[in-house]
Amino acid sequence: MSPYSLSSPGGVQTQVLALARALNGLGHKARVLGPCDGAPPETGVTPLGASIPTFANGSIAPIAPDLACTLRTIRAFRDEEFDVVHIHEPICPGPCQTALFLRSAPIVGTWHAAGGSKAYMTPGVRWLATRMNIRTAVSQDAKDMAYEALGGDYEVVFNGIEINKFQDAKPTPSDGATIAYVGRHEPRKGLEILLKSVESLPPNVTVWIMSDGPQTEELRTKYTGEARLRWLGPVSDEEKISRIKGADVLCVPSLRGESFGIVLLEAMAAGTPVVASDLPGYRNVAANGDEAFLVPPGEAESLARALTKVLEDQELAQGLTEAGTKRVVEFSMERLAEIYVEKYERAIAIEKADPDRGGWRGELSRMGWPFR
């Protein structure tokens, strides 16, 4: 289950959909529930209504905390009779909180966010957290944040990536050296740091800027005279992968609030060197120090030097690519799916051993919900 609109691009949504595909590939029957703005993005998705853009963790989250979404969530759980429910960002308002309250099956919860949120600090939210059988977090930072807010025990489980999608993609052709940027245009993602660094880059460099956000118009106006920038706007997943693979380097200049470097893994799977901010979340991926060139966050000159070095030093670029290619294998979505299957089975066993805990199949019928 995703708390965020599955029609909007985002790291959590990507993980939810890809994990479901991997689980189905292993022979399990996985269905994704979540808000959708328009038609569901693929088969196997139950839409729960439109989202409402909401400020959260320095970004805009497309969540659905309205009554209509709540009623659709109740109906979905009554109709489907799931064996286990996997909730991503479990405490997020909307269908995730509804699922925790109803608790119609054993629950595994996964925390993705890092950086702190006062929304967690309420007695009611703490009670909802106790409704889960197993709690996981995608990184130590995400675990620390959840524990500080809610207490409890958490198992760290990495984010996964569909490696073949990147390895098999055709690269977008380019003229001269090319830097790719993928990320929402908002302060914490550090796009302006990259734009400031451009004036110190070699003259033949082109920067592909994908996506958009609240800073787009401001930054486009501010850097309107910089001919080396290509503002591509929102792109399809296929084009994103193609441009990452076609670029000479992927730049990830985030300033804070990153619990896991999934975009770094995407570049590694595509065989593209990475220059990124030296954040704890990104060190979850570049753990050995040679899978990505890490620089102090917020320093445009340091970023420019690093980008120039990777673009001009082919031996360095090749070393980053080779180390990244080896590293990304550890984060395959198939491996992640197998890990979660074990947790699902354990959650079911925990529930059966403690039937008085509440929930379990049939609870909605006993409550008399008439939603059909």
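List of remarks:
- Meets criteria (in contact with a strand residue (DSSP E or B) (Cβ under 9 Å, 6 or more places away or on another chain) and either under 22 Å from Ser211 (Cβ atoms) or surrounded by fewer than 24 Cβ atoms within 10 Å (Cβ to Cβ) (or both)) for Val263: yes
- Exactly one residue out of Ala227, Ala169 is in the same structural domain as Leu250 (by TED's automatic domain parsing), of a type in the set (A, V, I, L, M, F, W, C) and touching a Ser or Thr at 6+ places or on another chain (Cβ under 6 Å), and it is Ala169.
- Strands (runs of 3 or more DSSP E) enclosed by the range 49-144 - at least 1 residues per element that are at pLDDT 95 or above and over 27 Å from Gly190 (Cβ atoms): 85-88, 107-111, 134-137
- The lone exception for Glu312 - which of (1) surrounded by 16 or more Cβ atoms within 10 Å (Cβ to Cβ); (2) in contact with a Pro (Cβ under 8 Å, 6 or more places away or on another chain); (3) modelled with pLDDT of 95 or more it fails: (1)
- Among the candidates Glu226, Glu239, the residue that is assigned to a helix (DSSP H, G or I) and touching a strand residue (DSSP E or B) at 6+ places or on another chain (Cβ under 9 Å) is uniquely Glu239.
- Long-range neighbours under 6 Å by Cβ, at least six apart or interchain, first residue under 26 Å from Asn24 (Cα atoms) within the range 159-175, second part of a loop (DSSP other than H, G, I, E, B) and among the aliphatic types (A, V, I, L, M): Asn159/Val138
- Gly257, sole failed condition from (1) without any contact (Cβ under 8 Å) to a residue 12 or more places away in the chain; (2) more than 18 Å from Lys326 (Cα to Cα); (3) not aromatic (Phe, Trp, Tyr): (1)
- Contact map, the range 292-321: residues that are in the same structural domain as Val207 (by TED's automatic domain parsing) paired with residues that are at pLDDT 95 or above and among the hydroxyl-bearing types (Ser, Thr, Tyr), Cβ distance under 6 Å, separation 6+ or inter-chain. Pairs shown: Val295/Ser302; Pro296/Ser302; Pro297/Ser277; Ala300/Ser197; Leu303/Ser197; Ala304/Ser197; Ala304/Ser200.
- Close pairs (8 angstrom Cβ cut-off, 6 or more residues apart or separate chains): touching a residue at least 40 places away in the same chain (Cβ under 8 Å) in the range 184-205, of a type in the set (S, T, N, Q) and assigned to a helix (DSSP H, G or I) anywhere: Ser200/Thr308; Leu201/Thr308; Pro202/Thr308
- Test result for Asp175, more than 30 Å from Glu338 (Cα to Cα), among the acidic types (Asp, Glu), buried (at least 18 other Cβ atoms within 10 Å of the Cβ) and not assigned by TED's automatic domain parsing to the domain that holds Pro53: no
The values are calculated or read from the model by the stated rules, or taken from the named source; none is laboratory data. Please read these numbers as outputs of a predicted model, since none were measured by experiment. All Cβ positions, glycine included, derive from the backbone under ideal geometry; neighbour counts span all protein chains shown.
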